[in-house]
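The next block holds one structure in the form of structure tokens; read it before the comments.
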Amino acid sequence: MRPYCNRNQPDRRDDSRRGTAAVEFAVMMPLFLMLVLGTWEMGTALTAGTKMAAAVREGGRLASMDFEKSLAPGQTANEKVEADIKNFLTASGIPGDNVTVSITHADGASAGSPFDLQDPDNYLELFRITVSTDYESVGSFPLEYMAGQTLEESMIFRMGRVALSN
């Protein structure tokens, strides 16, 4: 047992540990910050991917509807679907102007070639809607952890027409 000591005076045994916490903090803080910011960036990429997948799904739903009456004069069905996908993304917080939308054949000899949604020969054929954007347009930090990366979402649908009822 230690003899009586004044609590205001430092204990001589702790002198060798003085400053250790500051050094440990200085070493660990950059690693901790990198881990936290990297997790945040990956979360941002996953959120953007989820929004893009929802936009593609809605575009495929629209492509499967009988929307001929809702086309603007001179507008094609493909242009309508592409515009609606870009508008959906813009409303979700992803700049639609920086997004590339493509509608292509999904199978057969013509896989990858443009798919015309208004062509009656394409009825019941599979088509792919792909949306892609550079990560820089959706990233939240000026840090460039994922610089040069492209986010892409794609889904395959079957061409069909569902009549809309009023």
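The values are calculated or read from the model by the stated rules, or taken from the named source; none is laboratory data. Keep in mind it's a predicted model, so treat the numbers as computed, not measured. Heads up, the Cβs are rebuilt from the backbone with ideal geometry, glycines too, and the neighbour counts pull from every protein chain shown.
Please indicate, with yes or no, whether at least one residue in segment 38-59 is over 17 Å from the mean Cα position of the chain (by Cα) and at pLDDT 85 or above.
No: segment 38-59 contains no residue that is over 17 Å from the mean Cα position of the chain (by Cα) and at pLDDT 85 or above.
Is there a residue being within 15 Å of the chain's Cα centre (by Cα), assigned to a strand (DSSP E or B) and closer than 14 Å to I156 by Cα anywhere in segment 111-123?
Scanning segment 111-123, I find no residue that is within 15 Å of the chain's Cα centre (by Cα), assigned to a strand (DSSP E or B) and closer than 14 Å to I156 by Cα, so the answer is no.
Taking the condition in contact with a strand residue (DSSP E or B) (Cβ under 9 Å, 6 or more places away or on another chain) and of a type in the set (D, E), does E153 pass?
yes
Touching a residue at least 12 places away in the same chain (Cβ under 8 Å), in a helix (DSSP H, G or I), touching a helix residue (DSSP H, G or I) at 6+ places or on another chain (Cβ under 6 Å) and under 20 Å from G160 (Cα atoms): does that describe I129?
Judged against the criteria, I129 is not a match.
Filter segment 127-139 for residues that are of a type outside the set (V, I, T) and out of contact with any Gly (no Cβ under 9 Å at 6 or more places or on another chain); which is modelled with the lowest pLDDT?
Filtering first and then ranking leaves G139.
If I filter segment 40-53 for residues that are surrounded by 10 or more Cβ atoms within 10 Å (Cβ to Cβ), farther than 20 Å from L126 by Cα and touching a Phe, Trp or Tyr at 6+ places or on another chain (Cβ under 6 Å), do I get at least one hit?
Among the residues of segment 40-53, at least one is surrounded by 10 or more Cβ atoms within 10 Å (Cβ to Cβ), farther than 20 Å from L126 by Cα and touching a Phe, Trp or Tyr at 6+ places or on another chain (Cβ under 6 Å), which makes the answer yes.
Taking into account only those residues within segment 66-96 that are within 20 Å of P114 (Cβ to Cβ) and outside any helix (DSSP H, G or I), which is modelled with the lowest pLDDT?
F67
Residues are listed down the side, and each one gets a yes or a no for (1) in contact (Cβ under 8 Å) with a residue 24 or more places away in the chain; (2) touching a Ser or Thr at 6+ places or on another chain (Cβ under 9 Å):
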{"position": "T76", "(1), (2)": "yes, no"}
{"position": "N87", "(1), (2)": "no, no"}
{"position": "S92", "(1), (2)": "yes, no"}
{"position": "G96", "(1), (2)": "no, yes"}
{"position": "V101", "(1), (2)": "yes, yes"}
{"position": "S110", "(1), (2)": "no, yes"}
